[in-house]
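Here the structure is laid out as structure tokens; the discussion comes afterwards.
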């Protein structure tokens, strides 16, 4: 499984993307300054590939989709102020990945921040009851009424995923006559998401 990270070239700081669906990745990160130099790092099977842009299109602005290429020129992103920036990366075609950046600025007006599309979007949230491994012969013998034992004990916390990323542990509760999940533990990988989206323990999903 591959991992995508945003590299801030000036300070060698890396921010990991969250994977959604097949090969779509998103990232929320706080940036400041007039411009910031970036690269995209893809790690798969211990091999690291860096993506940049064509030399004649190295300077990009917000809301401007740009094609990436392997070992391309460093991306110079022009900023409009300090604030949270939303990166959307489409890796469905690795020969022509697409990157787009939008931002919400601390000195922006209350309206028209440029991030409405993000906060009005939906991400897949799933609650995992448990997993197990089975021999193919046992799988083929399954039928109506068969019982499959999982790896989780009764009363044990369940895993909460956003996309394919484990972000929290939770307990099952009933809310408005429907099953729901009350968050009990926020995973370290979700700390940046916790800051920007105010995800916290005790919330019910």
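Throughout, read-outs are computed from the coordinates displayed, never taken from laboratory work. Since we're looking at a predicted model, the values are computed, not measured. Methodologically, a virtual Cβ is constructed for each residue, glycine included, from the backbone with ideal geometry; neighbour enumeration extends over all protein chains shown.
What the table below lists for this structure:
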read-out: Residue 64-residue 34 pseudo-label distance in nm [points 7 Å out on the Cα-to-Cβ vector]; value: 1.5 nm
read-out: Using a Förster distance of 22 Å, the FRET efficiency for residue 173-residue 24 (Cβ separation, nearest 0.05); value: 0.10
read-out: Full-stretch length increase - residue 78, residue 164 - with 0.36 nm per residue and alpha-carbon distance subtracted; value: 27.9 nm
